Amino acid sequence: MNNKEKTVLVAGFNTRPLVYSLNRAGYDVYAVDFFGDLDLYPFVKDCLILTKKLNVNYDIAKNNYSEYLSLLILELLDKYPEIKYLIIGSGLDDGIEERAHILKDINRKKYKIFNLNNDLEAIKKSRNTEFIFNLLVKFGYNVPRTISLYEDKSKVNRLEYPFILKKKSGSGGTNVYKIRKESDLTFNINLINRDGFISKDWLIQEYIEGNPVSCTTISNGIESEVISVNHQIIGDNKYLNAPKEFMYCGNVVPANVFAEERNLIVDISLKLSTKLGLKGINGFDFVLKNHYPYLIEINPRIPGSIRASEEAMNINLLDLHIKSFTEKGWEFVKKTLKNAKIENFTTKMIYFAPKEIDKNLLNKINDLEYVHDKSEPVKNIYKGEPVCTILFKAKSSSDSYLGSLKVVDKIKKIIR
């Protein structure tokens, strides 16, 4: 394989974990990234950083970056038209128009880049909650009761409090609100109205209280295999200062669940992967209640838990993602996963700023062992913004989790 065959463009909200793994697998990596963390640069040939290109901070750009992300992908492709592969991570989960624009431009300019992502129709179906839930009911599975806010407001009163108000688009728990009483619904709608509330874009969903888990799969459009079942850390305000109640804060891989629970999680994930014709690595989010997994959403792209899965399994999963798109490569993927053994537990934690953090303290945080996604010490980090990621591997789930918390304690001592 010549050098051009080993080039890949990765784009997304946080590409650093993907870039790291691809670099280790021997690829020359180019990136379009939201943050531009310090530990991204050693592993890329070149990159475009959205916040720097637009000269805006995290809070301003975090909800309106998908259009710019697609434009920067095309800008980098114009500069390096010989890049072989394109991988899009988080950030364009619901950006169907943006993805279509990218593919149209690639075809128009006759780039030979190979799209290592799901087909647009598969993404569209995966992100359509009503379609997926109807599919699951046909398969005989239970789903949370879900109502379109636009179609039937009268049905809202029939749901017991608390329930969930969630936007049809979005990921990471950023557009999810727990409604405990009627006044909460009015308050949140008024709050969202500032950003232009459109009722047809929102769902009312039964609140499932339980253990958040996820399943990572890999597919070739016809067949699917499971990679790992993971515990999810959601809305951790006690240790990680999550700015929102349902904010994604990390994972523990693998999840400590009963065999029956795992089997059902895997069964649902693989059936949907195959039915939807998914390709490459994808993620499925669940909540376990009374030992039953309720699917919450599908992320039709490489999930945030991927580096934790890699560490726990000692496998380069990004290399498998690329290989899964060829017939010969798919056979290698199946063989690799069949022989894989999870001998460690890995915890990933995203630490959010509990207050404004002086930029002069960031180097001390960045120098800590097990810290990744290191913030550049060029500006203060405001309350609620992500500071860094912690990745800690151990022989038991508890040692892995507690090891991560010890790093959190060190960060707290630095910023107090």
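Any read-out appearing in this document is the output of simple, stated calculations on the displayed coordinates, not a laboratory observation. Because the structure is predicted, anything quoted here is derived from the model rather than measured. When we count neighbours, we look across all protein chains shown, and the Cβ atoms used for this are built from the backbone with ideal geometry, even at glycine.
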Original post:
How much of the DSSP beta bridge set in the chain is antiparallel, as a percent to the nearest 5?
Top reply: 75
Original post:
Arranged by the count of other C-beta atoms within 10 angstrom, fewest first, what order do D373, D358 take?
Top reply: D358, D373
Subject >> Backbone N within the range 369-395 under 11 Å of label point (7 Å from K413 Cα along the Cβ vector) >> reply: none
Subject >> Gyration tensor (alpha-carbon) shape descriptor, the range 1-123, a/c threshold 1.5 >> reply: oblate
Original post:
Can you list the residues, at least 5 places off or on another chain, whose amide H is less than 5 Å from the amide H of Y85, using H built in the peptide plane?
Top reply: T7, V8, L9, F114
Subject >> Whole-Hz ³J(HN,Hα) from phi, Karplus 6.51 cos²θ - 1.76 cosθ + 1.60, for the range 110-120, glycine and proline x >> reply: 6, 5, 9, 5, 9, 7, 8, 9, 5, 5, 4
**OP:** Post the alpha-carbon centroid distance, the range 364-406 to the range 237-259, in whole angstrom.
**Re:** 14
**OP:** Using the Karplus curve 6.51 cos²θ - 1.76 cosθ + 1.60 with θ = phi - 60°, work out ³J(HN,Hα) for each residue of the range 224-236 in order, rounded to whole Hz, and write x for Gly and Pro.
**Re:** 9, 10, 8, 9, 7, 10, 10, 6, 10, 9, 10, x, 6
Original post:
When DSSP assigns beta bridges and you keep just the ones with both residues in the range 3-117, what percent turn out antiparallel, to the nearest 5?
Top reply: 0
**OP:** Quick one: which residues, 5+ away or cross-chain, put their amide H under 5 Å from the amide H of E297? H built at 1.01 Å from N.
**Re:** D285
Original post:
How far apart, in nm, are two points set 7 Å out from the Cα along the Cα-to-Cβ line at Y239 and at K328?
Top reply: 4.5
Original post:
Residue by residue through the range 378-393, which ³J(HN,Hα) values in whole Hz follow from phi under the Karplus form 6.51 cos²θ - 1.76 cosθ + 1.60 (θ = phi - 60°), with glycine and proline marked x?
Top reply: 10, 8, 5, 9, 8, 3, x, 7, x, 9, 6, 10, 10, 10, 10, 10
Original post:
Which cross-chain or sequence-distant (5 or more) residues have an amide H under 5 Å from the amide H of N237, H modelled 1.01 Å from N in plane?
Top reply: A242
Original post:
Rounded to the nearest 0.05, what FRET efficiency is calculated for L361 and N316 with R0 set to 41 Å and r the Cβ-Cβ distance?
Top reply: 0.75
Original post:
If you keep only loop residues by DSSP, which trypsin sites (Lys or Arg not before Pro) in the range 69-126 have at most 13 other Cβ atoms within 10 Å of their Cβ?
Top reply: K109, K110, K112
